[in-house]
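What follows is calculated from the coordinates using simple rules that are stated; it is not laboratory data. Since this is a predicted model, take the numbers as computed values, not measurements. Glycine gets a Cβ as well: all are built from the backbone with ideal geometry, and neighbour counts include every protein chain shown.
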Amino acid sequence: VKGGSPLPEHSHPHEQIVNIIKGEIELVVDNTQYRMGPGTVMVIPSGVKHSGRSITDCKIIDIFHPVREDYR
């Protein structure tokens, strides 16, 4: 993810696990702001609104449960 890239507010029916591998990102989850860097993990429950932006170039692993249909 390029530094400065926005993540517009959204939600989905899947639980999402966000794992930051490289870089820094700012996430807003359920109206609470978090700044995350390498080695941090965030679990976003299904249906919870979230948004954010990358502060620097980032490498992120997202895991969705159940698996999203568009990822199959």
Review point. Within a Cβ distance under 15 Å of Pro8, other residues only, what is the Lys/Arg minus Asp/Glu net charge?
Key: 0
Practice item. Report the relative contact order of segment 6-59, percent, no decimals, based on alpha-carbon pairs under 8 angstrom and at least 6 residues apart. Key: 50 percent
Revision key, fill the gap. Length gained if Ile17 through Val48 is fully extended, taking 0.36 nm per residue and subtracting the Cα-Cα distance, is 9.9 nm
Exercise for review: Could you tell me which GluC sites (Glu not before Pro) in segment 14-47 are loop residues by DSSP with no more than 13 other beta carbons within 10 angstrom of their beta carbon?
Suggested key: none
